[in-house]
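Coordinate-derived values only; no laboratory data. All figures in this text were calculated on a predicted structure; none of them were measured in a lab. Cβ sites come from the backbone with ideal geometry, for glycine too, and all protein chains shown count toward neighbours.
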Amino acid sequence: MKKIIANKEIEVNEEGYLVDFKQWDREICECIAGECNVVMTEKHWEVIEYLQDKHLKEEPLSIRGIKKSGVINIKEFYALFPGGPLKKSTLIAGIPKPKSCI
Amino acid sequence: MGTKVKKMLFILSKATIENAYAAFVMANGARMEGIESEIFFTFFGLEAIQKKKLEHLHVATVGNPGMHIPTMLGGLPGVEALATKMMKKEMEKLDMPPIGEFLEILSDSGCRLWACKLAVDMFHLKEEDLIDELDGILTIGDFYSRADQEGCQLLFI
């Protein structure tokens, strides 16, 4: 389905995740973050870049991966994206929601 | 659509690896969905939070029909160790952390970890025997009082 984000028509799935990562840009990112009540800071961008890098390399995301990432620790991760950090951060990063149970 | 579950409270009473992981995966899964979670370790569940024992949990090969091996065979020396080794290998393939690391992840994720006072006394354990991430030692009454809001679920494992 289509959704207007930052005055652009974007293709998203029923949970609001971007279908095509190529449509993602920083403006869209800020808008989705706003909907999640997240105000983007330098640290948020760092995490988003890490997640996108993993996505492009087709490496699966997990909370254990976050712990080992060297970018952020788990406590900070929960603080930056409250209420389901991996779900929210991937939504904001414009990449698919992780399918793993861990 | 949001879930109506707001808080998951787990009671882990067994020391087998499959039960500990069931509790940990569900508690972590709750946090990942923005649901509060807490685990109360009682009786043999305490093995999972004892520094000296937590990396030595075993899968049950006796009295476990899911293993599909005859009970008498499951009791032979080395069978339980072998089955445990195989299971740990499969878990590593799925990037499931070992017990100690999983407890760190849970604690960092805001999952509260409690030891049962009665069981701690019964097994003559001291606080220094238990993991540093432990939030405290509670009575069952104290633990029930943690179910302090709408949408709490209590699960015995």
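The table that follows gives values for the structure above.
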read-out: Per-selection Kirkwood Rh - the protein assembly as shown (Cα, Å, 1 d.p.); value: 20.3 Å
read-out: Hits among aspartates and glutamates - C-alpha to C-alpha of A:Lys3 under 18 Å, sequence gap 8 or more where chains match; value: A:Glu11, A:Glu14, A:Glu15, A:Asp20, A:Asp25, A:Glu27, A:Glu30, A:Glu35
read-out: Long-range amide H partners of A:Ile5 with built H, under 5 Å; value: A:Ile10
read-out: Contact order relative to length of the stretch B:101-157, as percent, for alpha carbon pairs under 8 angstrom and 6 or more apart; value: 36 percent
read-out: Relative contact order, percent, chain B [alpha-carbon distance under 8 Å, six or more residues apart]; value: 34 percent
read-out: Exposure proxy order (Cβ contacts within 10 Å, fewest to most) of B:Cys111, A:Cys101, B:Cys152; value: A:Cys101, B:Cys152, B:Cys111
read-out: Partners for B:Lys4 among lysines (Cα-Cα distance below 20 Å; same-chain residues under 8 apart left out); value: A:Lys87, A:Lys88
read-out: Theoretical ellipticity at 222 nm over the protein assembly as shown - DSSP helices of four or more residues, -39500 (n - 2.57) apiece, nearest 500; value: -11500 deg cm²/dmol
read-out: Chain A: relative contact order in percent, alpha carbon pairs under 8 Å with at least 6 residues between; value: 30 percent
read-out: Likely footprinting exposure, B:Tyr144, A:Tyr50, fewest C-beta neighbours within 10 Å first; value: B:Tyr144, A:Tyr50
read-out: Whole-Hz couplings from phi, Karplus 6.51/-1.76/1.60, listed for the stretch A:40-53; x for Gly and Pro; value: 5, 10, 3, 5, 4, 4, 4, 5, 4, 5, 4, 5, 5, 4
read-out: Residues whose placed amide H lies under 5 Å from that of B:Ile11, excluding near-sequence neighbours; value: B:Phe40, B:Leu155, B:Phe156, B:Ile157
read-out: Under the Karplus curve 6.51 cos²θ - 1.76 cosθ + 1.60, θ = phi - 60°, whole-Hz ³J(HN,Hα) for the stretch B:112-128, x wherever Gly or Pro sits; value: 7, 10, 10, 9, 7, 4, 4, 5, 4, 5, 5, 8, 6, 8, 10, 4, 6
read-out: Which of A:Ser89, A:Ser69, B:Ser109 has the fewest Cβ neighbours within 10 Å, and the rest in rising order; value: A:Ser69, B:Ser109, A:Ser89
read-out: Lys/Arg +1, Asp/Glu -1 at C-beta; the protein assembly as shown dipole; positive extreme among A:Ile4, B:Met91, A:Pro96; value: B:Met91
read-out: With Cα atoms, 0 to 90° folded angle of helix B:99-108 axis to chain B main axis; value: 10 degrees
read-out: Signed unit charges on C-beta, dipole axis of chain B, positive-most listed residue B:Leu76, B:Met122, B:Phe43; value: B:Leu76
read-out: Along each principal axis, Cα extent of the stretch B:1-77, largest first, Å; value: 49, 30, 17
read-out: For chain B, the spread of Cα positions along each principal axis, largest first, Å; value: 48, 43, 25
read-out: Calculated FRET efficiency for the pair B:Phe156/B:His68, C-beta based, R₀ 30 Å, to 0.05; value: 0.70
read-out: ³J(HN,Hα), Karplus 6.51/-1.76/1.60, whole Hz, each residue of the stretch A:15-30, x for Gly, Pro; value: 9, x, 6, 4, 7, 10, 4, 4, 7, 6, 8, 5, 5, 4, 4, 4
read-out: Where labels lie 7 Å past Cα in the beta-carbon direction, separation of A:Asp20 and B:Lys126 in nm; value: 6.6 nm
read-out: Partner lysines for B:Lys89 [C-alpha distance under 27 Å; skip if fewer than 8 residues away on the same chain]; value: A:Lys54, A:Lys57, A:Lys67, A:Lys68, A:Lys97, A:Lys99, B:Lys14, B:Lys51, B:Lys52, B:Lys53
